[in-house]
1. Of all beta bridges DSSP finds with both residues in the chain, what is the antiparallel percent, to the nearest 5?
2. Only loop residues by DSSP count here, and only those with at most 15 other Cβ atoms within 10 Å; note down the trypsin sites (Lys or Arg not before Pro) in region 48-149 that meet that.
3. Using the heavy atoms of the protein chains and a 1.4 angstrom probe, tell me the accessible area per residue for region 129-242 in square angstrom.
4. Per residue of the chain, what 222 nm ellipticity follows from adding -39500 (n - 2.57) for every DSSP H run with n ≥ 4, rounded to the nearest 500?
5. When only the heavy atoms of the protein chains count and the probe is 1.4 Å, how do D218, D18 rank by accessible area, highest first?
6. When the chain is treated as a GNM, springs tying every alpha-carbon pair under 10 Å, which of V83, V119, V21 comes out with the largest mean-square fluctuation?
7. Report P(r) for region 21-140: all Cα-Cα distances, bin width 5 Å, range 0 to the bin holding the largest distance, values in whole percent.
8. Cα-based Rg (one decimal) and Dmax (whole number) for region 70-154, in Å?
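The values are calculated or read from the model by the stated rules, or taken from the named source; none is laboratory data. These numbers were taken from a predicted model, which means no experiment stands behind them. When we count neighbours, we look across all protein chains shown, and the Cβ atoms used for this are built from the backbone with ideal geometry, even at glycine. Accessible surface is based on the protein model in full, side chains and every heavy atom, while ligands, DNA and RNA are left aside. Shrake-Rupley method; radii C 1.70, N 1.55, O 1.52, S 1.80 Å.
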Amino acid sequence: MPPLVELEDVYKIYYMGDSEVHALDGISLKIERGEFVAIIGKSGSGKSTCMNIIGCLDVATRGTYRLNGKDISHYTDDELAEVRNKMLGFIFQQYNLLPKLTLLDNVSLPLLYAGVGDVEQRERAMLSLERVGLGEKAKSFPSQLSGGQQQRASIARALAGNPSVILADEPTGALDSKTGREVMEFLKELHKEGNTIVLITHDNSIAAQAERVVRITDGKIVYDGPAEGDEMVSKQDKAGAL
């Protein structure tokens, strides 16, 4: 089977007057089904640009992106939106829950966009909320929940569509350390269940909890391998992740 995610010689170039800024500078990356991969880098390194391309939120200036073996490099906006709805689940740092909707409605929303019928929307959304321990909060509004509960609701929203890839963008960034550890433990459980997870972070101690680390600097991949092989994921960082 082909890799689930494959970037081949991908560039993302921004033009500022006569200057070119290479947010991504010819990266190649393969992610197989069932992997837990952390893409790590400092602010401005290109890691978020990489996530946006994998998540079909942006397109490469040049290069090839294959998702589940299909070249989607030249898809239209509508085609990319369909891919996002059917194959990708997103977990964001700031949760991105709509404040005027209940948790059940928030989790149902991507299913609505994917064309799922009303009854199935509700059933799948409720199952997702129960899966993250928030079944009894289905009729609550985001403002009535703690930060950790809101992040679990955003995880439920990502899971409801049965995505091929879960993209987690700094999922612990807005949480205290205890709640952040709880969220990471939940992501690791999802991985054990067979889910493919791509985690975006700037934090070595968070990256240390993935199986594989892809480190990006100045738009280039400078390390791609086991977490314990990345010299910047120090023993102290790994100890702090436990």
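1. About 55 percent, rounded to the nearest 5.
2. Passing sites in region 48-149 are K100, K139.
3. Solvent-accessible surface per residue comes out at 46 Å².
4. The helix contribution divided over the chain gives -10500 deg cm²/dmol.
5. Numbers: D218 120, D18 165 Å².
Accessible-area ranking of D218, D18, largest first: D18, D218.
6. Of the options given, V119 has the highest mean-square fluctuation.
7. All Cα pairs considered, the percentages come to 2, 9, 16, 19, 17, 15, 12, 7, 3, 0.
8. Considering region 70-154 through its Cα atoms, Rg and Dmax are 14.1, 43 Å.
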